[in-house]
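Okay, so here's the structure we're looking at.
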Amino acid sequence: MFRRLIAVIACAVAFASAASAQGQTPQERYVSKYSSIAVSEMYRSGVPASITLAQGILESRSGLSVLAINGNNHFGIKCHKSWKGATLTADDDRPNECFRSYPSADESFHDHSDFLRYSDRYKFLFDLDLRDYKGWAYGLSQAGYATDPEYPSKLIRIIETYGLYEYDTQAVEVVTGEPVPEIPESPLSIESPRIFKDATEQFRFPLDRRMYTKNGVPFIYAAEGETYASIAKRYNLFRREILRFNDLKESEPLSTGDIVYLQRKRKAAAPGLEKYIVGEDGESLRGICQRFAIRESALRKLNAFPKDYVPSEGDELLLRPVSEKSGK
């Protein structure tokens, strides 16, 4: 249903934006050709269509750059360590840098949306109003998307010159006869802990301290001097249970503020957190699993990781099976 509705919306947007190619500027032709993709990505990922189109125009020179022509790469995204697809080289900050190559422009737009949504340094942008294209433009620069100090003003000028802000709202006004899909919730909002108010009813846990949930899994923050054994005793659990809930075989020292799960974690992350792009070397796989309340064994299986896998900067980890709707 969702895909069919997106297709209807995309067709309507494409029809509304289509015009004769004769006499159009390269920028106008670019908007006519790719606006429907940008709108579809907005509903899938939450990246404003205006920002996607403006970045595409700027980064790909309206689809006329070598990267866009030879590799369908419209956003200048480099290979990074975990990229397993085709590549091409081009001069950028350094000579002969590795860039991603895509079978189609659609896949480039899809990868760009994921790159923003699932990289920690860009996630704060999704807390902005969808129509705040100026906030997005300055935020992208602040997060380091481009080194050009004029990058935000260039994006804003493109958006305002070609009225791209209209694509951030036009699609929701399309009459399809079906409910229009909602823009996905901010990834930071989905990931944020919730206060667990009904712990006594569901798990018979004592409510003598504040309890939280992530991905539907109850947890507490460790206090000074606590151990896994002391927490297990306090919540009527076996020591081996609480270690298993937290992906441990043997007890480890706890630091104040560490997350300690009181129930088995899920096989997949919450909907809306389909991937995680590792921000820097030094993150452990268990640490990532604790952050998203996923079992380490499930994450290893989902990504076919070898036993000795260690996350590296730029690695893309699936947090949910592509076709799975339930995180249980």
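Let me confirm something: among L64, L88, which residue is farther than 23 Å from R44 by Cα and in contact with a strand residue (DSSP E or B) (Cβ under 7 Å, 6 or more places away or on another chain)? Quick ask: steps written out before the conclusion?
Working: L64 fails: in contact with a strand residue (DSSP E or B) (Cβ under 7 Å, 6 or more places away or on another chain).
Being farther than 23 Å from R44 by Cα and in contact with a strand residue (DSSP E or B) (Cβ under 7 Å, 6 or more places away or on another chain) holds for just one of L64, L88, which is L88.
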Exercise. Pick from segment 287-328 the residues that are out of contact with any Leu (no Cβ under 8 Å at 6 or more places or on another chain), outside any loop (DSSP other than H, G, I, E, B) and at pLDDT 95 or above: which of them is nearest to V260 (Cα to Cα)?
Worked result: Q290
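Within segment 135-142, is there a residue that is of a type in the set (F, W, Y) and modelled with pLDDT of 95 or more?
So in segment 135-142, the residues of a type in the set (F, W, Y) come out as 136, 138.
Applying the additional criterion that residues be modelled with pLDDT of 95 or more yields 136, 138.
Within segment 135-142, one or more residues are of a type in the set (F, W, Y) and modelled with pLDDT of 95 or more.
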Problem set entry | Top-ranked residue in segment 223-235 [being in contact with a Leu (Cβ under 8 Å, 6 or more places away or on another chain) and surrounded by fewer than 19 Cβ atoms within 10 Å (Cβ to Cβ); ranked as farthest from S284 (Cα to Cα)] | E226
Problem set entry | Complete set of residues in segment 91-118 that are touching a strand residue (DSSP E or B) at 6+ places or on another chain (Cβ under 6 Å) and over 20 Å from S60 (Cβ atoms) | Y118
For this session: Can you give me the number of residues within segment 50-69 that are part of a helix (DSSP H, G or I), open to solvent by 20 Å² or more (accessible area, probe 1.4 Å) and closer than 15 Å to R157 by Cα?
Result: 2
Seminar exercise, completed: Counting only residues in segment 92-149 that are assigned to a helix (DSSP H, G or I), of a type in the set (A, V, I, L, M) and closer than 25 Å to L317 by Cα, the one nearest to the chain's Cα centre (by Cα) is identified as L116
For this session: Select from segment 124-164 the residues that are aromatic (F, W, Y), within 19 Å of E59 (Cβ to Cβ) and open to solvent by 20 Å² or more (accessible area, probe 1.4 Å) and list them in ascending order.
Result: Y133, Y138, Y145, Y162
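Taking segment 81-91 as the region of interest, how many residues are within 23 Å of the chain's Cα centre (by Cα) and either open to solvent by less than 90 Å² (accessible area, probe 1.4 Å) or more than 25 Å from Y276 (Cβ to Cβ) (or both)? Walk me through it before giving the result.
The initial filter retains those residues of segment 81-91 that are within 23 Å of the chain's Cα centre (by Cα), namely 81-87.
Right, trim to either open to solvent by less than 90 Å² (accessible area, probe 1.4 Å) or more than 25 Å from Y276 (Cβ to Cβ) (or both) and you get 82-83, 85-87.
Count: 5.
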Exercise. What do you reckon, is F219 at pLDDT 85 or above, open to solvent by less than 20 Å² (accessible area, probe 1.4 Å) and either assigned to a loop (DSSP other than H, G, I, E, B) or touching a Phe, Trp or Tyr at 6+ places or on another chain (Cβ under 7 Å) (or both)?
Worked result: yes
For this session: Search segment 151-207 for residues being under 24 Å from the mean Cα position of the chain (by Cα) and farther than 25 Å from F115 by Cβ, and hand back the single one that is modelled with the lowest pLDDT.
Result: V180
Problem set entry | Only one of F238, F292 that is open to solvent by 20 Å² or more (accessible area, probe 1.4 Å) and of a type in the set (F, W, Y) | F238
Problem set entry | Subset of segment 241-260 (residues that are surrounded by 14 or more Cβ atoms within 10 Å (Cβ to Cβ), assigned to a loop (DSSP other than H, G, I, E, B) and under 30 Å from the mean Cα position of the chain (by Cα)) | N246, D247, L248, L254, D258
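The values are calculated or read from the model by the stated rules, or taken from the named source; none is laboratory data. Note that the coordinates shown come from a computational prediction; the quantities given were computed from them, not determined experimentally. In this analysis, Cβ positions are derived from the backbone assuming ideal geometry, glycine residues included, and neighbour counts consider all displayed protein chains. Ligands, DNA and RNA are stripped out before the accessible areas are found, and what is left, the full protein with its side chains, is counted by its heavy atoms. Shrake-Rupley method; radii C 1.70, N 1.55, O 1.52, S 1.80 Å.
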